[in-house]
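This report concerns only the one structure given below.
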Amino acid sequence: MGSKVGAPEKLIVNGKRLDGRKANEMREMEIEVGVIPNADGSAIVTLGGTKVICSVYGPKEVLPRRNLDTEQAFLNCVYGMASFSTSERVRPGPNRRSTEISKVIADALAPAIFMERYAGMEITVIMEIINANAGTRTAAINAASVALADAGIEMRDLVCSIASGKADGTLMLDLFEPEDNFGEVDMPIAILPRTKEITLLQMDGILTKAESKKLIDMSIKACEEIYEIQKKALQKKYATETQQETE
Amino acid sequence: MAMLKPYMTELLAKGKREDGRKPFDYRDIKIETGIIARANGSARVLIGKTEVLVGVKLDVGVPFPDSPESGVLMVNAELLPLASPSFEFGPPSKDSIELSRVIDRGIRECHAIDLDKLCIKPKEKVWMVFIDIYPINDDGNLLDAGALGAIAALKTTLLPKYDEDEEKVLHKELTKTKLPVQKIPVLTTFGKLSGNLFVDATMREEKEVDARLSIATIEDGTASAMQKGGSGPLTAEEVIELTEKAVELGKKLRKLIPSK
């Protein structure tokens, strides 16, 4: 630290983070399901200052045909950032970063889907970051997982995801922008909440074995909270629909 | 779908539409501004089920050689497959390029933004205004929704701080200086179906129309851009009639744009 331009002097002041949170505290998360009428499934996830919108189309015909897999679904995940979602405008369209993220998100979601039941078909998941303040890939996974459920895709479980890391020498949950930019470690994780199996794990920085364990435990606990928020968001949409049907 | 055209024609001949509107009624319009924290200006527009997000970002760059003391305006539309099963991944489609260019002309030609006030150092440094239009759900008439979003977002745009010593933009620090917006162009897009004229086509109507005409108008009742679309023709009388309609409807649309 200190070598980077614009870095705040400290990321922890009087035991609290710059936005007033405790180390193991997550930002407020809101989920709304069924926000895009054209899509088969959709959701918006807000995590503090990070906002992502996701739509799912499918199961449908695989196009182009070279992507066809006769054994299982072709899960086409595309993560992108709106040009106005960051401090400095980003050029629209895919880049190396977004391409890698799209890939790891597909790998994070696939274990939750009964992929073999959609052999020869495509499921398209499009995630667009509207406003970025760290944790965009994990917010995108949370959105994608409820949007898949909203689309009626058969799933073993939802997928819950959160990033944790280390800043100012302190292990902490759900980094926001200054911690992400100037902290030492960033570790996004996704899990299947019922079995606690990990479906996404990335890390950059230096961690001891003990620290890794602590961060994984902290993230799994947070994912259990996220699971509840996801279920409530789905129940909210479908409870309202059922109510309307019976009226 | 081929069955829809005779049905829509029959309705229009009686002055009706399949969603209960009259030919020159818009669907319900909702405009919100200041919805994207990272953008310098932003808006969300709903026209019926059509939803569009627009963000404005400012940066500093080199002016064009033919206008060395003027700021630069760029309009871009991203038709992400997020918004419709008929949009495809890949390079910008013809539709997205047309969409952004028609909206661009409506804003540029009436000098809605006073670009001459956006010069920092002639020939070297001027403000560049990027307007990015992202449809979230396409149920027809992205043109009018995008144009409304663009002008609503521009009206709320604040300049970021510019560090003259370091010669760079401090993107995270907004000033209280508003972008110099001096005209409010609005776009009204009409359809022609079996000789019948109407405004604000839904997706179902868009698929059946023979011709389309978009007209951008400003406060004084003049037009700042026009674009005909679709494979069918329009008569000169129709164009004049629709220009009058555009001015009339434009007044109503302009009132819906939030002042902040």
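Residues in the range A:114-140 that are buried (at least 24 other Cβ atoms within 10 Å of the Cβ) and away from chain B (no Cβ under 14 Å): A:135, A:137, A:138, A:139.
Is it true that residue B:100 is surrounded by fewer than 24 Cβ atoms within 10 Å (Cβ to Cβ), within 14 Å of chain A (Cβ to nearest Cβ), among the hydroxyl-bearing types (Ser, Thr, Tyr) and not in a loop (DSSP other than H, G, I, E, B)? Yes, satisfied. The set of residues from the range A:51-104 being in contact with a His (Cβ under 8 Å, 6 or more places away or on another chain) and acidic (Asp, Glu) comprises just one member, A:88.
Condition test on residue A:25, is it away from chain B (no Cβ under 12 Å) and not in a loop (DSSP other than H, G, I, E, B)? For residue A:25, the condition - away from chain B (no Cβ under 12 Å) and not in a loop (DSSP other than H, G, I, E, B) - is not met.
Of all residues in the range B:183-211, those satisfying the criterion of being surrounded by fewer than 21 Cβ atoms within 10 Å (Cβ to Cβ) and either of a type in the set (Gly, Ala, Ser) or free of Cβ contacts under 8 Å to residues at least 40 places away in the same chain (or both) are B:194, B:195, B:210, B:211. Do we have any residue at all in the range B:123-133 that's of a type in the set (A, V, I, L, M), more than 13 Å from chain A (Cβ to nearest Cβ), touching a helix residue (DSSP H, G or I) at 6+ places or on another chain (Cβ under 9 Å) and crowded, with 24+ Cβ neighbours inside 10 Å? Checked against the condition, which is being of a type in the set (A, V, I, L, M), more than 13 Å from chain A (Cβ to nearest Cβ), touching a helix residue (DSSP H, G or I) at 6+ places or on another chain (Cβ under 9 Å) and crowded, with 24+ Cβ neighbours inside 10 Å, the range B:123-133 yields at least one hit.
Conditions (1) surrounded by fewer than 14 Cβ atoms within 10 Å (Cβ to Cβ); (2) not in a helix (DSSP H, G or I), marked per residue:
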{"site": "B:214", "(1), (2)": "no, yes"}
{"site": "B:221", "(1), (2)": "yes, yes"}
{"site": "B:224", "(1), (2)": "no, yes"}
{"site": "B:227", "(1), (2)": "no, yes"}
{"site": "B:234", "(1), (2)": "no, yes"}
{"site": "B:245", "(1), (2)": "no, no"}
{"site": "B:250", "(1), (2)": "no, no"}
{"site": "B:254", "(1), (2)": "no, no"}
{"site": "B:258", "(1), (2)": "yes, yes"}
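The residues of the range A:33-47 that are more than 10 Å from chain B (Cβ to nearest Cβ) and either at pLDDT below 95 or farther than 23 Å from residue A:115 by Cβ (or both), listed by number, are A:34, A:45, A:46, A:47. Of all the residues in the range A:76-102, those that are among the hydroxyl-bearing types (Ser, Thr, Tyr), in a strand (DSSP E or B) and facing chain B (nearest Cβ under 8 Å) number 0.
Inclusion of residue B:176 among residues that are of a type in the set (Lys, Arg) and assigned to a loop (DSSP other than H, G, I, E, B) is not warranted. On the stretch given as the range B:53-95, residues that are of a type in the set (D, E, K, R), more than 9 Å from every other protein chain (Cβ to nearest Cβ) and not in a loop (DSSP other than H, G, I, E, B) total 2.
Looking at the range B:138-169, which of the residues that are of a type outside the set (A, V, I, L, M), under 15 Å from the mean Cα position of the chain (by Cα) and within 13 Å of chain A (Cβ to nearest Cβ) is nearest to residue B:81 (Cα to Cα)? Ranking the candidates gives B:138 first. Regarding residue B:88, is this residue within 19 Å of residue A:79 (Cα to Cα) and at pLDDT 95 or above? So residue B:88 fails the test.
Of all residues in the range B:117-145, those that are of a type in the set (Asp, Glu) and touching a Pro at 6+ places or on another chain (Cβ under 9 Å) total 3. If residue A:52 satisfies every condition in (1) modelled with pLDDT of 95 or more; (2) in a loop (DSSP other than H, G, I, E, B) but one, which is the exception? Failing condition for residue A:52: (2).
Note on the range B:91-119: residues that are modelled with pLDDT of 95 or more and over 20 Å from the mean Cα position of the chain (by Cα) total 4.
Only one of the numbered conditions (1) within 10 Å of another protein chain (Cβ to nearest Cβ); (2) of a type outside the set (A, V, I, L, M); (3) over 25 Å from residue B:77 (Cα atoms) is not met by residue A:57, and that is (3).
Among the residues making up the range B:38-52, those that are in contact (Cβ under 8 Å) with a residue 40 or more places away in the chain, assigned to a loop (DSSP other than H, G, I, E, B) and in contact with a strand residue (DSSP E or B) (Cβ under 8 Å, 6 or more places away or on another chain) are B:39, B:40, B:49. Only one entry in A:11, A:18 is within 14 Å of chain B (Cβ to nearest Cβ) and of a type in the set (A, V, I, L, M, F, W, C), namely A:18.
Taking the range A:189-235 as the range and being of a type in the set (Gly, Ala, Ser), free of Cβ contacts under 8 Å to residues at least 60 places away in the same chain and buried (at least 16 other Cβ atoms within 10 Å of the Cβ) as the test, only A:219 passes. The set of residues in the range B:87-135 being among the hydroxyl-bearing types (Ser, Thr, Tyr) and in contact (Cβ under 8 Å) with a residue 24 or more places away in the chain consists of B:100, B:134.
The residues of the range A:42-56 that are buried (at least 24 other Cβ atoms within 10 Å of the Cβ) and either small (Gly, Ala, Ser) or within 12 Å of residue A:27 (Cβ to Cβ) (or both), listed by number, are A:42, A:43, A:45, A:47, A:50, A:51, A:55. Any residue at all in the range A:161-182 that is within 27 Å of residue A:241 (Cα to Cα), more than 14 Å from chain B (Cβ to nearest Cβ) and modelled with pLDDT of 95 or more? So far as the range A:161-182 goes, no, none of its residues is within 27 Å of residue A:241 (Cα to Cα), more than 14 Å from chain B (Cβ to nearest Cβ) and modelled with pLDDT of 95 or more.
Being farther than 25 Å from residue B:39 by Cβ and under 19 Å from the mean Cα position of the chain (by Cα) is true for just one of A:80, A:41. Which residue is that?
Going through A:80, A:41 in turn, just one is farther than 25 Å from residue B:39 by Cβ and under 19 Å from the mean Cα position of the chain (by Cα): A:41.
The values are calculated or read from the model by the stated rules, or taken from the named source; none is laboratory data. Computed from a predicted model, the values in this text were never measured in an experiment. Using ideal geometry, Cβ is built from the backbone for each residue, glycine included, and neighbour counts are taken over all protein chains shown.
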